[in-house]
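The values are calculated or read from the model by the stated rules, or taken from the named source; none is laboratory data. These numbers were taken from a predicted model, which means no experiment stands behind them. So basically every Cβ, Gly included, is an ideal-geometry build from the backbone, and we count neighbours across all protein chains shown.
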Amino acid sequence: MAGRHDIYIDQGTDYEQAFEYQIDGVTVNLTGYSAAMQVRAAVTSASPVLTFGVGTGLTMGGVAGTVTLAVTDAQTTAIPAGAYVYDLELTAANGTITRMMQGAFYIDGEVTR
């Protein structure tokens, strides 16, 4: 089962956070894995409002077991303030896909523009 983690970002700002993948308290070596993440208005929404992959907002930490998410100020400015949903999936070298985490993705509206 995927871990639940809600993400809160201020509109118009940069955001960077590393997330560690563990199973039963043991860090998983993510060497050879890839990752993908989408943010949507709702699970059933046809199109994502943000899409991330390795090299496009996601960085793999290998033996450290981390996936780092980086969202730019331009990306957070372009998204209307509100609540969204996301999940982050890992793909092993053998093609096995695992959902690492999921949750709400909040953009808090910017006043100063």
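Computed quantities for the displayed model
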{"quantity": "Qualifying positions in the range 19-58 - more than 16 Å from TYR86 (Cα to Cα), touching a residue at least 24 places away in the same chain (Cβ under 8 Å) and part of a strand (DSSP E or B)", "calculated": "GLU20, GLN22, THR27, SER34"}
{"quantity": "Meets criteria (among the small types (Gly, Ala, Ser), under 20 Å from ASP108 (Cβ atoms) and surrounded by 13 or more Cβ atoms within 10 Å (Cβ to Cβ)) for GLY3", "calculated": "no"}
{"quantity": "Subset of the range 80-113 that is at pLDDT 95 or above and assigned to a loop (DSSP other than H, G, I, E, B) - its residue that is farthest from TYR33 (Cα to Cα)", "calculated": "GLY109"}
{"quantity": "Residue in the range 62-77 that is nearest to GLY32 (Cα to Cα), counting only those that are over 9 Å from the mean Cα position of the chain (by Cα), surrounded by fewer than 18 Cβ atoms within 10 Å (Cβ to Cβ) and not β-branched (Val, Ile, Thr)", "calculated": "GLY62"}
